[in-house]
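The values are calculated or read from the model by the stated rules, or taken from the named source; none is laboratory data. Predicted, not measured: the structure shown is a model, and the values here were computed from it. Cβ placement follows ideal geometry from the backbone for every residue including glycine, while neighbour counts extend to all protein chains displayed. To get the accessible areas, we keep the full protein, side chains included, count just its heavy atoms, and leave off ligands, DNA and RNA. Shrake-Rupley method; radii C 1.70, N 1.55, O 1.52, S 1.80 Å.
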Amino acid sequence: MAFLVCAIILDSLAAPGAPSKTRKATMNSTQYDLTEANNRFTFDVYKKLGGEEKGNLFFSPFSILAAFAMMIEGAQGKTAEEIQNVFHFPKDTALLRSTFSTLYAELNKKKAKYKLHMANALWVQQGLKLLKTYQDRVRKFYGGEAKEVHFGDGAKAAKIINTWIEGKTNHKILNFFKPEDFTNLTQLVLTNAIYFKGLWLTPFDKKETKEEEFRMSPNKAMKVSMMRLEEKELKFLYAETEAVQILEVPYQGEDLSMLILLPKKENLSAIEKELTLDTFNRWRGLLRFESVFIYLPTFTFKKRYELNESLIKMGMPTAFTPRADFSRIFGKPEIFISSV
């Protein structure tokens, strides 16, 4: 089970009523693969977070990408170019819309043997009007409905948005926003929520779960509840190199799976150094059906990240400054991203 939220808060440069080295995108204008773009961003942000955060990492790159797909619809000039480069979006935003819309429908399909739902929303300061073109595109292609709130009443605004988040994550993420997250300069909040619950195609027998040692490094271990599958007739997609074991464990329906990388020498950092999309794809290409005994720890992660600095370092500083141009949202340029 997984449930995640990404939120972007946009502030005005002034109170309401007051005066108011990057990488090149590789997609061409006729073909665009949103899945590959998401995978490339995945490894980009993984390396950035891995160098900044201690302990376990847990995040949904597609949740972040979805939020910024809505953002680039409102961006122009250098602001849009930097977002495009960081997220590997196409220069032709129409391609992004069509591919995102198709994937959004696929993720939210009703007849599946797992639960996977994604939802987007725009929370607009009362009295402000989104440009009709922007609002229509976000609703049509990204499934994002616009709702008015009064950010001057931080407690009420937090309660309204948190209720939406709780509903979209099956009441797993509670009290995401605090009243102090909003000020009288807050103009717009974009939220993306993802909820996933899947059952293994081959279930683990709870009776076989036992406490065993799990090694986190050559010199560090701890006792954990270890699930196990030890049936010789079972076959899974499996491969190994000199450095890593790769295992794919499918969920019911076989549309989705968990792919696990296990360092052979208990040296995760060595694997992380060479972990790129190209390496990952090469490893996946080695997978073949084999009899595998699986020992997998049960685990629960709770993480919260502030992504401003990470995204700035990845190549999109302008969006967080007064030089930002999101004029295709409200028809005025004087808003910028204050928090992701």
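Please give me the summed charge of the neighbours of Thr133: other residues whose Cβ is under 10 Å from its Cβ, Lys and Arg +1, Asp and Glu -1. Each step should come with its number before you reach the end.
Working: positive: Lys132, Arg137, Arg328; negative: Glu73, Asp136.
Summing Lys/Arg as +1 and Asp/Glu as -1 gives +1.
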- Would you mind telling me the share, in percent, of accessible area of region 194-276 contributed by carbon and sulfur at probe 1.4 angstrom? 51 percent
- Count the net charge of all other residues whose Cβ sits under 10 Å from the Cβ of Arg97, scoring Lys and Arg as +1 and Asp and Glu as -1. 0
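Counting other Cβ atoms within 10 Å, which trypsin sites (Lys or Arg not before Pro) in region 175-253 have at most 11 and lie in a DSSP loop?
Working: sites: Lys197, Lys206, Lys207, Lys210, Arg215, Lys220, Lys223, Arg228, Lys232, Lys235; in loops: Lys232.
When the trypsin sites (Lys or Arg not before Pro) of region 175-253 are filtered for loop state and at most 11 Cβ neighbours within 10 Å, Lys232 remain.
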- Task: Output the pairs from Lys91/Lys129; Lys115/Lys168; Lys54/Lys223 with a Cα-Cα distance over 18 Å in this structure; if there are none, say none.
- Result: Lys91/Lys129; Lys54/Lys223
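Treating only the Cβ of Lys, Arg, Asp and Glu as charged (+1, +1, -1, -1), what charge dipole size does the chain show about its Cα centre? Round to the nearest 20 debye. Intermediate results must be reported in sequence, preceding the final value.
Details: 49 positive and 40 negative charges, 94 e Å.
Dipole magnitude for the chain comes out near 440 debye.
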- If amide H atoms are built 1.01 Å from N in the plane of the peptide, which residues on other chains or at least 5 residues away come under 5 Å of the amide H of Phe151? Gln126
- Note on the structure: Surrounding charge for Leu34, neighbours by C-beta under 12 angstrom, Lys/Arg +1, Asp/Glu -1, total -1
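Of the accessible area of region 90-170, with the probe set at 1.4 angstrom, what percent is carbon plus sulfur? Intermediate values should be presented prior to the final figure.
Details: 2220 of 4340 Å².
Taking all protein chains in place, region 90-170 shows 51 percent carbon and sulfur surface.
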- Query: Of (1) 1.06; (2) 0.95; (3) 0.99, which one was derived for Rg/Rh (Cα atoms, Kirkwood Rh) from the structure shown?
  - Reply: (3)
- Among Thr279, Leu131, Ala105, whose Cα lies farthest out toward the positive end of the dipole of the chain, if unit charges sit on the beta carbon of Lys, Arg (+1) and Asp, Glu (-1)? Leu131
- Query: How about region 246-287: which trypsin sites (Lys or Arg not before Pro) there lie in a loop by DSSP and see at most 14 other Cβ atoms within 10 Å?
  - Reply: Lys264, Lys265
- Task: Skip the ligands, DNA and RNA, and give the accessible area per residue of the chain with a 1.4 Å probe, whole Å².
- Result: 54 Å²
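Kindly provide the Kirkwood hydrodynamic radius of region 184-327 in Å, to one decimal, from all pairs of distinct alpha carbon atoms.
About 19.0 Å, per the Kirkwood formula over Cα pairs.
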- Message: If you average the C-alpha positions of region 233-251 and of region 306-340 separately, how far apart do those two centres end up, in angstrom?
- Response: 42 Å
- Label zone at Lys220, where the point sits 7 Å out along the Cα-to-Cβ direction: region 241-283 residues whose backbone N lies under 12 Å: 268-269
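Would region 94-210 count as rounded, prolate or oblate if I go by the C-alpha gyration tensor, calling it rounded below 1.5 in a/c and otherwise prolate when a/b exceeds b/c, oblate otherwise?
Working: a/c = 3.82, a/b = 1.47, b/c = 2.60.
Since a/c reaches 1.5 but b/c is at least a/b, the shape of region 94-210 is classed as oblate.
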